[in-house]
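Read the structure below first, then the notes.
The values are calculated or read from the model by the stated rules, or taken from the named source; none is laboratory data. All figures in this text were calculated on a predicted structure; none of them were measured in a lab. Neighbour counts are summed over all protein chains in view; Cβ atoms, including those assigned to glycine, are modelled from backbone coordinates with ideal geometry. Ligands, DNA and RNA are stripped out before the accessible areas are found, and what is left, the full protein with its side chains, is counted by its heavy atoms. Shrake-Rupley method; radii C 1.70, N 1.55, O 1.52, S 1.80 Å.
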Amino acid sequence: MTMGATLAEKIIARASGRQQVAPGEIVTCTVDLAMMHDSGGPRRIEPLLERLGARVWDPDKVVVISDHYVPAVDAQSAAILDLTRRWVAENGIRHFYDMQGICHVVLPERGHLRPGMFVVGGDSHSPTGGAFGCFMFGVGATDMAGVLVSGETWIRVPATICIRVDGTFAPGVSAKDVVLHLCARLGMGGARYQAVEYTGSAIGTLPMAERMTLANMAAELGAQTGLIAADEVTADYIRASGGDPGDFTHWQGDADAGYRQVHDVNASALAPQVAAPHSPANAAPVNEYEGLRVDQAYIGACTGAKLEDLHMAAAVLRGRRVAENTRLLVAPASRLIAAAAAADGTLAALLEAGAVLMPSGCGACAGYGAGVLADGEVCISSTARNFKGRMGGRGSRVYLASPYTVAASAVAGAVADPRPLLGESA
Amino acid sequence: MMQSYGRAWVFGDDIDTDVLAPGLYMKGPLEELAAHCLEAVDPEFAAYVREGDVVVGGENFGIGSSREQAVQALQYLGVRLLVAKSFGGIFFRNALNFGIAALTCPDAGRIRPGDIIAADAAAGIVRNCSRNEDYAAEALPGRLLAMVQAGGLVPYLEKSGSAISGKDAET
């Protein structure tokens, strides 16, 4: 009897037109959807396509989202956005979202993802799409150009690591804490070249935003992608976004699938995590860093500024004030999220607490947008990466944490445990 | 075929793409970005690296962003070969796409700064000419090797007019 297939193997087999694939094989896959942004997209693709004398293979399978240089802050970023808009128009790309938010959040928000799809994204946080039961991974601009002219790309079939999350999340503990804990436990190369599939009873209880955080940060484990098999929660989200979940029950790993490793996480026993500079793998329970002074608290990025993330921050900040000499910056991950947060009172709670509202885009996360740090400054951030110099000056220091912990730290002016601030009135 | 390269520049584990291509310089010209390549870990690298030199890493070299400027900056500065215990997945693809062989070599840690390096990407050998040692590396398969030899994905596509075929890549 042959061993069953993992979800990743099933999708790659379908995309490569094979009955089955085995880890390590190199196969050519047909790409269902290609997503790119203003930084790695048109400005870098255009000269390559011109050189090849080629056109986009299927403009309807391409989604372009401006998020890195929005809104333009100088002539250079304005020119990059201008080029992006012109290229999209000239190439007949209908799915263009200009200044609507961060690509990894906007893509599912507008109904483009369906379980079982094989998707490439021109950005390393592309595993986010795996939360919808897709195989989605990041590529560079040259790889993307190859996809755009042929509709295909090669892939080495990854082995799959299963992360089984059971138990119940305590108040003030979230998906971000799970994945930071995994970064410390497995290391940044812990899942190198592999696919990470999250399973277990706790995953089923999570909304899509939290599942996206888990899939997103599979990249920080070195994984090619992260995946979560679709369920009714996934299907409801896709329908509500105007998409079609298709036959999502088909896209599940087999019960006898061959996982390379299985790791168990007990959500009930998990404390809020904080990752010290300059690696997500430096994560430890929040009490290890408690009291460390912060200049800036940042709630932003694809990883940490979805509506549920803003709700977490608001739950901590409602009726409280950001500490003197600490600044709290909030950049909702998309325009629709900002609008929803305005409608449900979340934004008001954040602003009354002293938060500064930033544009919906990648912002300070990768040092491209407003809100970057000076040398010597300390920031606690709901983003995914704290590499040296990423958010500004080479001498700046970034601690990663959940929106709960970032908000609690903004109130304390120092790294703080959010749990004492939840469930009590200020 | 064994090919000669220059001197080794040796770095540790987890050299990320923000260190290779800092975000602050990403919207400017490549020459400006390249001047800051690796400066967070070695401020002298960009000024002193020469044509044909080799960058040697530990585990996870190039982890992080998909920005291929991380490869382009090294290439602009003259780096022609990458050797590491392991590479970040996207960076590995990007390096091959720009025609730079990225050789996964468990013994990369034996290479010292300034050692003169040669390599055979097809056979999977990294030669340390200064120490007279050969190290086993993962050979680049079939068409991926051809792509590197063509100078990268775009020149390869110009020549062949087709995408990299998985069938060919396995041979």
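Wholly within segment B:71-130, which strands (runs of 3 or more DSSP E) include no fewer than the required count, namely at least 1 residues that are free of Cβ contacts under 8 Å to residues at least 60 places away in the same chain? Per the criteria, B:81-84, B:101-104, B:125-128. The set of residues in segment B:61-70 being in contact (Cβ under 8 Å) with a residue 40 or more places away in the chain and either surrounded by fewer than 24 Cβ atoms within 10 Å (Cβ to Cβ) or out of contact with any strand residue (DSSP E or B) (no Cβ under 7 Å at 6 or more places or on another chain) (or both) consists of B:Ser65, B:Arg67, B:Gln69, B:Ala70.
Could you say which residue among B:Ala118, B:Ala108, B:Ala102, B:Ala137 is aliphatic (A, V, I, L, M) and open to solvent by 10 Å² or more (accessible area, probe 1.4 Å)?
B:Ala137
For the residues A:Pro420, A:Pro403, the requirement of being in contact (Cβ under 8 Å) with a residue 60 or more places away in the chain and more than 11 Å from every other protein chain (Cβ to nearest Cβ) singles out A:Pro403.
Output the number of residues of segment B:50-73 satisfying the condition of being under 17 Å from B:Gln3 (Cβ atoms) and either among the hydroxyl-bearing types (Ser, Thr, Tyr) or more than 8 Å from the chain's Cα centre (by Cα) (or both).
Within segment B:50-73, the first condition is being under 17 Å from B:Gln3 (Cβ atoms), and the residues that meet it are B:50-56.
If we keep only those that are either among the hydroxyl-bearing types (Ser, Thr, Tyr) or more than 8 Å from the chain's Cα centre (by Cα) (or both) too, we end up with B:50-53, B:56.
Number of matching residues: 5.
Within segment A:171-217, being of a type in the set (Lys, Arg) and open to solvent by 10 Å² or more (accessible area, probe 1.4 Å) holds for A:Arg185, A:Arg192.
Residue check: is B:Ala95 within 11 Å of another protein chain (Cβ to nearest Cβ) and surrounded by 24 or more Cβ atoms within 10 Å (Cβ to Cβ)? For B:Ala95, the condition - within 11 Å of another protein chain (Cβ to nearest Cβ) and surrounded by 24 or more Cβ atoms within 10 Å (Cβ to Cβ) - is met.
Every condition in (1) within 11 Å of chain A (Cβ to nearest Cβ); (2) over 20 Å from B:Asp14 (Cβ atoms) holds for B:Ile63 except the one numbered (2). The residues in segment A:188-217 that are farther than 17 Å from A:Ser402 by Cβ, at pLDDT 95 or above and within 14 Å of another protein chain (Cβ to nearest Cβ) can be counted, and the count is 3. For segment A:123-140, the set of residues classified as open to solvent by 10 Å² or more (accessible area, probe 1.4 Å) and within 8 Å of another protein chain (Cβ to nearest Cβ) consists of A:Asp123 only. When segment A:1-52 is filtered for residues that are within 26 Å of A:Thr199 (Cα to Cα) and charged (D, E, K, R), the ones remaining, listed by number, are A:Glu9, A:Lys10, A:Arg14, A:Arg18, A:Glu25, A:Asp32. Taken together, the criteria exclude A:Val262 from residues that are at pLDDT 95 or above and crowded, with 21+ Cβ neighbours inside 10 Å. Screening B:Glu51, B:Glu39 for residues that are facing chain A (nearest Cβ under 10 Å) and assigned to a loop (DSSP other than H, G, I, E, B) leaves exactly one candidate, B:Glu39. The set of residues from segment B:9-25 being aliphatic (A, V, I, L, M), buried (at least 22 other Cβ atoms within 10 Å of the Cβ) and within 9 Å of another protein chain (Cβ to nearest Cβ) comprises just one member, B:Val19. Is it the case, given these coordinates, that A:Ala267 is more than 14 Å from chain B (Cβ to nearest Cβ), in contact with a Phe, Trp or Tyr (Cβ under 8 Å, 6 or more places away or on another chain), buried (at least 20 other Cβ atoms within 10 Å of the Cβ) and more than 26 Å from A:Gly121 (Cβ to Cβ)? So A:Ala267 fits the description; yes.
For segment A:94-127, the set of residues classified as charged (D, E, K, R) and over 11 Å from the mean Cα position of the chain (by Cα) consists of A:Arg94, A:Asp98, A:Glu109, A:Arg110, A:Arg114, listed by residue number.
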